[in-house]
Amino acid sequence: MLYMPVHRLVTSTTLPLQRDQVFAFFADARNLQRITPSELQFEIVTPEPIQIRQGTLIEYRLRLFGVPFRWQTEIALWRPPHEFVDVQLHGPYRLWEHTHHFHDHVAGTTIEDVVRYQLPLAPLGELAHPLVRLRLNHIFQFRERAVRCWVSTQQALPPAGAS
């Protein structure tokens, strides 16, 4: 049996907004395009409006390393406003499971993203892991900047201790 490593990417961002506001932003599938780097040419193919809930299927079209492909995910877990999980049904990875956690924080809301993924074509696919990891880090850093830009248009929480 061939060993297929499962990689893990964890990121965390704290935003000065209530958890309900932050969760609502991520519950709107249209916002995914806003927080994805333009070079990926990300496009949602599923007709709108998309009602996100457990079992919702969403199909995308994008380019990764210049290669066009379709990606289909399913919302495997939906627990507003605490967490949701999307899993790849069809796409470039052997495994893709993205868990979004939303926690109250003294400064607002912390979003923790945990992505478990496996690359295709093992063991050869593993040779590409450093490049894939670099790309994923770039995508999640872009995502954080884009979400912070959105936050700047929202009503922030008052500082702790303010009346």
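The values are calculated or read from the model by the stated rules, or taken from the named source; none is laboratory data. Nothing here was measured: the structure is a model prediction, and the numbers come from that model. Backbone-built Cβ (ideal geometry, glycine too); neighbour counts: all protein chains shown.
Within segment 1-15, work out how many residues are surrounded by fewer than 16 Cβ atoms within 10 Å (Cβ to Cβ) and either over 13 Å from the mean Cα position of the chain (by Cα) or modelled with pLDDT under 95 (or both).
8
Going by the structure shown, is Ala76 more than 26 Å from Val151 (Cβ to Cβ), aliphatic (A, V, I, L, M) and under 14 Å from the mean Cα position of the chain (by Cα)? Give the derivation first.
Values: more than 26 Å from Val151 (Cβ to Cβ): yes; aliphatic (A, V, I, L, M): yes; under 14 Å from the mean Cα position of the chain (by Cα): yes.
Yes: the conditions hold for Ala76.
From the set of residues in segment 134-147 that are surrounded by 14 or more Cβ atoms within 10 Å (Cβ to Cβ) and not β-branched (Val, Ile, Thr), which is farthest from Ala29 (Cα to Cα)?
So the residue we want is Arg135.
Within segment 116-126, does at least one residue satisfy the condition of being among the polar types (S, T, N, Q), out of contact with any helix residue (DSSP H, G or I) (no Cβ under 9 Å at 6 or more places or on another chain) and at negative phi?
no
Counting only residues that are under 25 Å from Gly125 (Cβ atoms) and without any contact (Cβ under 8 Å) to a residue 24 or more places away in the chain, give me the strands (runs of 3 or more DSSP E) lying completely in segment 1-79 with at least 2 of them. Before the answer, list the steps.
Numbers: elements: 7-15, 57-64, 67-79.
Filter on segment 1-79 gives 57-64, 67-79.
For segment 29-51, check the following and say yes or no: at least one residue is more than 20 Å from Phe142 (Cα to Cα), of a type in the set (A, V, I, L, M), out of contact with any strand residue (DSSP E or B) (no Cβ under 8 Å at 6 or more places or on another chain) and surrounded by fewer than 16 Cβ atoms within 10 Å (Cβ to Cβ). Can you show your working first?
If we filter segment 29-51 for residues that are more than 20 Å from Phe142 (Cα to Cα), which is where we start, we get 45-51.
Those still in the list that are of a type in the set (A, V, I, L, M) too: 45, 50.
From what's left, out of contact with any strand residue (DSSP E or B) (no Cβ under 8 Å at 6 or more places or on another chain): none.
There is no residue in segment 29-51 that is more than 20 Å from Phe142 (Cα to Cα), of a type in the set (A, V, I, L, M), out of contact with any strand residue (DSSP E or B) (no Cβ under 8 Å at 6 or more places or on another chain) and surrounded by fewer than 16 Cβ atoms within 10 Å (Cβ to Cβ).
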